[in-house]
Each structure stands twice: as structure tokens, then as C-alpha cells.
Amino acid sequence: MSLSPKNRQRYRSGWLALALVPTLGLAMCNRAPKATESAREDSASTPAPTVETKTYYGVGVVKSLNPKQLSIEIDHEDIKDLMPAMQMSFYVKDKSLLKGLNSGARVEFTLENGVGGLKITAIRRKQEQ
């Protein structure tokens, strides 16, 4: 099979292009990082900004305790600046906070909303008046 001079030129150009593709790919891998890439690398090496921890106070009735999950379910009144009255589970900071509590106990508690989300950091039986 014989190629015309015009087709021979196209054939050589096609092979040349195929030969250059891997070379261009290697050159792209060795390129300098873009500004966004270097900023991303810088942010990975610097500490994240601190999250402000907010503290809230609540009152409610214990519905259930789950020491294995470090949680307590409370039917609580409105928690000012956080949420309306409802029944929900909260994680506790430490298992010892659940000691001496049982279902039906009226409690006062302190919640912190920080890096780990909402967590009860203090709880005690509310004195009946």
C-alpha cells in the first residue's frame, strides 16, 4: 500500500502528535502549583480557627438514661436562645453525670454547644419547691 505525499504528511503528523501526548502529560505533572493549591496546602498546615463554645441552661424531666451511649433523654422546657420545649436525647460529657439520676427525676442542666455539638456538662436534680 502506497501513500500519496499529502497522506504521508498527515500520517507523520498524527504519529508526532501521539508521541508528544505523554511528554506533555509529564510536563503538566511537574508544573508549579496554582495559588489556590498552595493556599490549600498552607491551610492544611495551620490550625483551624477555634469554634466559640456557647453555654445554655435548661430544666426538664428525665425520660431515659443510656450510660453505654453516654446519653440522656430529657423532656425539657424552652432553652433560652437555643430551642423550644421538646423531648430529646443529649450526650453527656462524662458518665459520672448520670449517677443518681433516674427516669422521672426533675433536673437542671448545663449544655455546651461547641466543637463536638451539644453536650450536657453539668446536671443535677432540681429541688422541688
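Testing the spin-label approximation: label points 7 Å from Cα along Cα→Cβ at residue 93 and residue 115. State their distance in nm.
In this crude spin-label approximation the distance works out to 1.5 nm.
Count charges around residue 66 for me, please; just the other residues with Cβ under 13 Å from its Cβ, Lys/Arg as +1, Asp/Glu as -1.
Within the 13 Å Cβ shell, the charges total +2.
Along the positive direction of the dipole of region 54-125 (beta-carbon charges: Lys, Arg +1; Asp, Glu -1; about the Cα centre), which of 56, 74, 98 reaches farthest?
Of the options given, the answer is 98.
Less than 13 Å from a label point 7 Å out along the Cα-to-Cβ axis of residue 59: which backbone N atoms in region 95-113 qualify, by residue?
106-109
Quick one: 3J(HN,Hα) in Hz for region 80-97, Karplus 6.51/-1.76/1.60 with θ = phi - 60°, rounded, Gly and Pro as x.
Per residue, the Karplus-derived 3J(HN,Hα) values read 3, 6, 10, 7, x, 4, 5, 9, 7, 8, 10, 7, 10, 5, 8, 4, 4, 5 Hz.
Classify region 54-125 as rounded, prolate or oblate from the Cα gyration tensor: take a ≥ b ≥ c as the square roots of its eigenvalues, call it rounded if a/c is under 1.5, otherwise prolate when a/b beats b/c and oblate if not.
Note, shape of region 54-125 comes out oblate.
Values in this text are rule-based calculations from the coordinates and carry no lab data. None of the values given here were measured: they were computed from a predicted structure. Heads up, the Cβs are rebuilt from the backbone with ideal geometry, glycines too, and the neighbour counts pull from every protein chain shown.
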